[in-house]
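Written out below as C-alpha cells is the structure these notes cover.
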Amino acid sequence: MSVLRPAEKMLVALGIERPAQIDLEAIAWAGGAVIKYRPLDRCEAMIVGAQHRAIITVNSRSIPTRRRFSIAHEIGHWHHHRGRILFCGAGDIGNPSYSALNPETQADQFASDLLLPDFMFRPIAGKMKRVVLSSVREIADEFKVSATATLLKLVESDRFPLLVVCHNKSGKRWFRRAPMVPGWWFPKDELDAESIAFEMLFGGAAEISYVRNIGADAWFEFRGADRYEIQEQSFLLPNEEVLTLLILPAEGLG
C-alpha cells in the first residue's frame, strides 16, 4: 500500500474499508466536531472550534453531493487549520483554480482523500478499460460524490492520459492534467466552435453519451497539434459552466 495521507489514516484508524462506510457525521464526531444543517446565504459551510471541540455548519439548501464535500472540506480545516474561524463560500470549496498553498486547496485535498481515498478508489478505477462519463458517474454514485470530484481524482491517479478543463462563456476557468501528460498539452483559453463543449455552452446542445473524436488543434495550440486526434466528452455544470474530459493519444506523450 502507498503512503497514506492524513484523511486516509483517519479512515483506517476508524476501521472504514468500503465507500458505503464513509459516514461523515460519525467521522466528524470521532474528531470532536458536530455537524449542523441550516440555510446559509453567503457561504457553503463554516467551522467554529476551540481546543478539541468544533461545530461545522453546512448549507442545507445545497445538493447532497455538495453538502457531503463541504462537510469533508470543513473536517479538513479542522485537521489543518484548527484555531481559525473560517467561512467557506461557494467559490472557495472545490475550486481547482486556487494555488496548492491556499488553505482552501489544502482542505479540498483532504476532502478528496476522505471521500475518495486511494486505497478504495484505485482498485475500483483499476477495473476501467476506458474512460467515459457513464463509468465516471457509476464510481461517483458509489462514493456519493460529484462527477467533477471523481474526474479530478482519476486525473490525479495517473492511470490514463487525461485532461479535465472547465470553461464558462468568458473562457477557460481552470484545468487539470494527469502527471503523465507533457506540459505542451496546454488547453486554449477560448472554446473552439467545433468542440462539444462550445455546442453545449453556447448552442444549448444536449450531452452525448459517448466520447467523440476531434482534432487536437481544436483544443491545443502547440506546433504539430493538427497531427493528433483526441477524444472529448463534456457535461454542463451550474452557473453556465461546462466541464470537458479530454483523452490524449499515446503517441502524443513521448
### Query
So is residue 234 hydroxyl-bearing (Ser, Thr, Tyr) and surrounded by fewer than 15 Cβ atoms within 10 Å (Cβ to Cβ) or not?
no
### Query
Can you name the number of the only condition in (1) touching a Ser or Thr at 6+ places or on another chain (Cβ under 7 Å); (2) surrounded by fewer than 22 Cβ atoms within 10 Å (Cβ to Cβ); (3) among the aliphatic types (A, V, I, L, M) that residue 58 fails?
(2)
### So residue 119, is it surrounded by fewer than 21 Cβ atoms within 10 Å (Cβ to Cβ) and not in a loop (DSSP other than H, G, I, E, B)
yes
### Query
Restricting the search to the stretch 147-174, which residues are in contact with a strand residue (DSSP E or B) (Cβ under 9 Å, 6 or more places away or on another chain), surrounded by 19 or more Cβ atoms within 10 Å (Cβ to Cβ) and not hydrophobic (A, V, I, L, M, F, W, C)?
148, 161, 167
### Query
Pairs under 6 Å by beta carbon, first residue more than 22 Å from residue 15 (Cα to Cα) in the stretch 99-117, partner small (Gly, Ala, Ser) and modelled with pLDDT of 90 or more, six or more apart or different chains?
107/76
### Query
Can you find even one residue in the stretch 180-193 that is of a type in the set (Phe, Trp, Tyr), under 30 Å from residue 23 (Cα atoms) and either in a strand (DSSP E or B) or not assigned by TED's automatic domain parsing to the domain that holds residue 63 (or both)?
no
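The values are calculated or read from the model by the stated rules, or taken from the named source; none is laboratory data. Being a predicted model, the structure only gives us computed values, none of them experimental. Cβ atoms come from the backbone with ideal geometry, glycine included; neighbour counts cover every protein chain shown.
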